[in-house]
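Colleague: What follows is a single structure, and I will ask about it in a moment.
The values are calculated or read from the model by the stated rules, or taken from the named source; none is laboratory data. Bear in mind the structure is a predicted one, so any value in this text is a computation, not a measurement. Positions of Cβ are generated from backbone atoms using ideal geometry, with glycine treated the same way; all protein chains shown enter the neighbour counts. Ligands, DNA and RNA are excluded from the accessible area calculation, which covers all protein heavy atoms including side chains. Shrake-Rupley method; radii C 1.70, N 1.55, O 1.52, S 1.80 Å.
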Amino acid sequence: MQESPLSKPEFRVGQRVHATGDSRRIGTVKYVGPVEGYSGTWVGVDWDNGEGKHDGSINGVRYFHAKSERSGSFVRAQNLSQGISLLEALGIRYRGDSTKEEEDEMYVLSASNNRVSIQLVGKDKIQDKLSRFEELTSASLSYMGVSSLGSPCQINNEVPNLKELDLTGNLISEWTDVSTICEQLPLLGTLNLSNNLMSPYKSELPSLKNIRVLVLNHTTIDWEQVELLGLSLPTVEELHLIGNHISRILPISSTVVQGFDSLRLLNLDNNCIAEWGEVMKLSHLRSLEQLYLNKNCLNCIHYPDNASQHELEMTCHRPFQNLRCLLLGGNNIGDLASIDAINLFPKLVNVRLSENLITDPARGGVPRFVLIARLAKIEILNGSQVGPRERKESEIRYVRLVMSRLLANPEEIKDHPRFSELKNFHGIENERTVSGASGPQTMASGLLSITLKCVGPSMGEKPPLTKKLPATTTVGKLKFLCESFFKLQSMKLKLFLQEEGSPLPLLLDNDMASLMDFGIGNESIILVDEES
């Protein structure tokens, strides 16, 4: 390691910096001073991306504690940048000639947290139009090394009409700077601070009174800070908190979260919430319509039952009374009681349950048609619309499946709260019926119209076959018939049920189970594949 004779900027512990020439390589200064065995002054940096050389110690001497074994390194001051001001970044991005990479970064976030490109009018005219910053209403300054504001009073003079500002991946850490930005830009309604490591409030709360959409993904903010921040966000409608290691919801002055009167969407994806009781602390957010809890650690869903009805009447409030969308993908939910609890949410019509144990038949979960039948009001499941036809077919298949199981274990009926309701609604007879083109028929004598399609790579092109088969036909028997139908005697087969609205077909993995046991109905499609 050698020290350059060039003049060096001064750094302080806790300061956010990026590598010179690479504004995406961001870290936090953890040490400034000498390093034993090397001349001059060094800056110890803990890099956000974890790509360093050590844990803050070198040659047996510890200088700082990095967050991981190889996220720290020592750097000469001239190889680090303290960043630029907000006004400088605006000038670089919108007054100079932009590169294609910069143009790709010009976006704002939609209501579903997706990038939407900013429409720039006439590339040949843009330099002239935006040389007058008052024309600018949306700005993306992501990963530009913004660390300060410049002259705060100039912000409003330069960009008075700015409504959307993306500051993802910069060096901002103080809420006082955020407050100044919002005070200087009274029209600002959307602010993205993702991937800025925000420090806890040190004094008075920031003023964010006009912000409607606030994105704080990967900022290390905890719920206590979120609650305090809520006092400064009287009009916030969307709050995104992805990837902040939040495990507990800690209300300030009550057992449930209060305030946030305008909040419609709360995004807590990719956090560490494990107990449903923590989620219930959000149940009094009366305007909340969308709650995102994908990739947490939840293993069940609860909703207050009828025993709590008196309390609900006394408070004139039902938990999650306006919630319409609940996303729970990638958790550990594995019980049908949790599925049934979803029916108790008053207005819930959109739910995501993918990547949970309960939705993976290979791990003991249930197929899509069972979920649809058990969820009475759901209109969108795992991102796919549940149409009237799919709902009717799913409910009929589910009833047939339950009826076949009740023959072996009548006590199982207590595990199927919607069974009697659906059986009566669809007019299915006690003699175990199957719905055909001419109406209900008895299962014992009814035949199912099944279309068989060969999809195995070595099977060649074979036209689909439609066959009438008894509902009691086992999977093993159907494999034997497929060998005969398609002349596949030397091949080991596996069968899949192709379900409408399901991204993947359902493997029929039990040779002893019947078509009826799998809930396979009339006009179903079965894919014939070969074992690999």
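Colleague: Given points 7 Å out from each Cα along the Cα-Cβ axis, report the Thr255 to Glu134 separation in nanometres with one decimal.
Modeller: 5.6
Colleague: Still on this structure: How much FRET efficiency would the formula 1/(1 + (r/R0)^6) give for Gln489 and Ile413, where r is the Cβ-Cβ distance and R0 is 45 Å, rounded to 0.05?
Modeller: 0.55
Colleague: Let me ask something else. With equal scatterers on the alpha carbons only and no solvent term, can you work out the Debye log10 of I(q)/I(0) for region 15-81 at 0.24, 0.25 1/Å?
Modeller: -1.00, -1.08
Colleague: With a 1.4 Å probe and every protein chain left in place, tell me how much accessible area Glu411 has, in Å² to the nearest 10.
Modeller: In the full protein context, Glu411 sits at about 120 Å².
Colleague: Next question, about the same structure. Could you tell me what percent of the accessible area of region 447-530 is made up of carbon and sulfur, with a 1.4 Å probe and every protein chain present?
Modeller: On the way: 2340 of 4270 Å².
So the carbon and sulfur contribution to the accessible surface is 55 percent.
Colleague: Next question, about the same structure. Please work out the Kirkwood hydrodynamic radius for region 192-238, using every pair of different C-alpha atoms, and report it in angstroms with one decimal place.
Modeller: Computed over region 192-238, the radius equals 11.1 Å.
Colleague: How large is Rg over Rh for region 447-530, taking Rg from the Cα atoms and Rh as the Kirkwood inverse mean of 1/r across Cα pairs?
Modeller: Taking Rh as the inverse mean 1/r over Cα pairs, Rg/Rh reads 0.92.
Colleague: So, one more: So what are the ³J(HN,Hα) numbers for region 152-168, from phi and the Karplus equation (6.51, -1.76, 1.60; θ = phi - 60°), rounded to whole Hz, Gly and Pro as x?
Modeller: x, 5, 7, 4, 5, 5, 7, 10, x, 9, 5, 10, 9, 9, 10, 10, 3
Colleague: When the Karplus curve 6.51 cos²θ - 1.76 cosθ + 1.60 is applied with θ = phi - 60°, which whole-Hz ³J(HN,Hα) does each residue of region 174-189 get, with x for Gly and Pro?
Modeller: 9, 5, 4, 5, 5, 4, 5, 4, 5, 5, 7, 10, x, 8, 5, x
Colleague: With labels modelled as points extended 7 Å from the Cα through the Cβ direction, what inter-label distance (nm, one decimal) is found for Glu461 paired with Ala376?
Modeller: So the label points at Glu461 and Ala376 sit 5.1 nm apart.
Colleague: At 1.4 Å probe size, put Cys297, Cys454 in order of accessible surface, largest to smallest.
Modeller: Cys297, Cys454
Colleague: Can you send over the solvent-accessible area of Val455, 1.4 Å probe, protein chains only, in Å² to the nearest 10?
Modeller: Number for this one is 70 Å².
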